[in-house]
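The values are calculated or read from the model by the stated rules, or taken from the named source; none is laboratory data. Computed from a prediction, not measured in an experiment: that's the story for all the values here. We place every Cβ from the backbone using ideal geometry, glycine too, and count neighbours over all the protein chains shown. Side chains included, ligands, DNA and RNA excluded: accessible areas come from the protein's heavy atoms. Shrake-Rupley method; radii C 1.70, N 1.55, O 1.52, S 1.80 Å.
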Amino acid sequence: MIDQLNQVLRRCPVWVLYLVGAVYPAWLLYLGLTGGLGVDPVKALEHEMGERALQLLVLGLAVTPLRQRVGVNLMKFRRAIGVITFFYVVLHLLVWLVLDVQILGQIWADILKRPYITIGMAGFLVLLPLAITSNNWSVRKLGRRWRILHKAVYGAALLGGVHFVMLVKGFQIEPLIYLGVIVLLLILRLPVRRSSPQRA
Amino acid sequence: LAAMARPAAAAEGDLKPNSWEEITSYNNYYEFGTGKEDPAQNAHVLTTKPWSVKIDGMVDNPGDYAFEDIMSKMTVEERIYRFRCVEAWSMVVPWNGFELADLLNMAGVQSGAKYVAFETLYRPAEMPGTAYKVLEWPYREGLRLDEAMHPLTLMATGIYGKPIPNQNGAPLRLVVPWKYGFKSIKSIVRITLTDKEPPTSWNMANRREYGFYSNVNPNVSHPRWSQANERRLGGGLFASRKPTLMFNGYEKEVAGLYEGMDLAKFF
């Protein structure tokens, strides 16, 4: 079954992922403009982009363990997953800046004074150089340093998970599950015992 | 006094009520889930008949008061109030209800009482959200006695002339329009007169963020949200923020209650 899945994945061109990733926010914007996002379309859009970005971060982190431990190969989609993640983080940020907070002075105060926003913004800044270097030229140019640089996504994922945990009111399970999955995916990478790639 | 409350509020000219749809499909009622749409989806299973409210503590006539008996003695009127959530969104709601003071007078408040404590129904079988300890159930709120007796303080039993829907706190809930929405406790089953400041749910969950008073105050910033302005819901994707008014626009009526108090300290 995994072989069949890999065959389907091999046949699926990467641009399909980019297309879906671009159409989805446009579809949400259309819904928001036509009353399809409920009573508070601003928050709906903000939350949707943030949560999708977090899910894509998790998916991106899962590519290597999925290949090593399950045998599912998503490797060729990894860059697209990363780029769309960043795109959604930017949209999440833009919705917050332009539609939600709106007031420039307050945006800066929010970043400095509200820890969950400080952390979210830090996550964005960590992702920024990774997005900029997500092209073949940078990979060639940076060589070994590219791999090291792109390990920063581990930090960004943790920051994103913590951002979600901190922003909810009261004791809520969902953000803890996200953070737990992120931590688990990072633990799988610890070089305690090198598992052979062919194990599955 | 009741008559004075309305023109003062209406004079602001920004009291166009939100639609029934908006008011009843976007709620914070964590006993039915933490999502804004969860209460509208889940609260229909709540049994609100029969319903009684236990009034106890420092009152002359303690006891379980049947909802119908309370209603037969109260005068219901419409009050169009601003509703300001601590999350910095707001609505305007045309409530129907009676003054809490009338209910408390019926129970006979004893002279030593200083505070009023409220409790929401806790019925896990009908409240899926209580499966998680998002807050310590039952939900609790409280007011100082003079706040509770204030003519603006309402026990709401309806919206737009219809019985209040379950997701909005059926069959009766508190409405304190100059405080953040979470003070306006829903589906009340118990009212206790006491001489001590009662514990309140959000204050118990996070003392630093939610004070006992929780008056709407644009000058006191909340650790999560600036309270300087708000998003009035119903304006769509591009509605601009509007400044939050001191005491949510009811300053003239209620500022006197807090004379001499440092509102940054007693937030």
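Take chain A and mark each of the trypsin sites (Lys or Arg not before Pro) that is in a DSSP loop with at most 13 other Cβ atoms within 10 Å; the longest unmarked stretch, sites excluded, is A:1-150. Averaged per residue, the protein assembly as shown has 47 square angstrom of accessible surface, using a 1.4 angstrom probe with ligands and nucleic acids left out.
The helix-only estimate of mean residue ellipticity at 222 nm for the protein assembly as shown, built from DSSP H runs of length n ≥ 4 each weighted as -39500 (n - 2.57), is -12500 deg cm²/dmol after division by the residue total. Along the Cα-to-Cβ line of A:Tyr18, 7 Å from the Cα, sits a label point; which residues in the range A:84-115 have backbone N less than 11 Å from it? Inside the label zone: A:84. The interface between chain A and chain B buries about 2300 Å² of solvent-accessible area in total (1.4 Å probe, ligands and nucleic acids excluded). Across every pair of non-identical alpha carbons in the range A:2-187, the mean reciprocal distance, once inverted, gives a Kirkwood radius of 17.7 Å.
Summary value for chain B: 21 percent relative contact order, contacts being C-alpha pairs under 8 angstrom separated by 6+ residues.
Starting from the Cα gyration tensor of chain B, take the square roots of the eigenvalues, sort them a ≥ b ≥ c, and report rounded, prolate or oblate (rounded when a/c is under 1.5, otherwise prolate if a/b is larger than b/c, else oblate). Judged from the Cα gyration tensor, chain B comes out rounded (a/c under 1.5). Rounded to the nearest Hz, the phi-derived 3J(HN,Hα) couplings of the range A:86-92 under the Karplus curve 6.51 cos²θ - 1.76 cosθ + 1.60 (θ = phi - 60°) are 5, 4, 5, 4, 5, 5, 4, where x marks glycine and proline. P(r) tail for the protein assembly as shown: Cα pairs beyond 36 Å make up 38% of the total. For A:Val95, the solvent-accessible surface computed with a 1.4 Å probe is close to 20 Å², ligands and nucleic acids excluded. Heavy atoms only, probe 1.4 Å: what % of the accessible area of the protein assembly as shown goes to carbon and sulfur, would you let me know? Ligands and nucleic acids excluded, carbon and sulfur give 61 percent. Which residues make up the longest stretch of chain B clear of trypsin sites (Lys or Arg not before Pro) that lie in a DSSP loop with no more than 12 other Cβ atoms within 10 Å, not counting the sites? Formally, the longest exposed-site-free interval is B:1-132. Close amide H pairs (under 5 Å, H built 1.01 Å from N) link B:His222 with B:Gln227, residues at least 5 positions away or on another chain.
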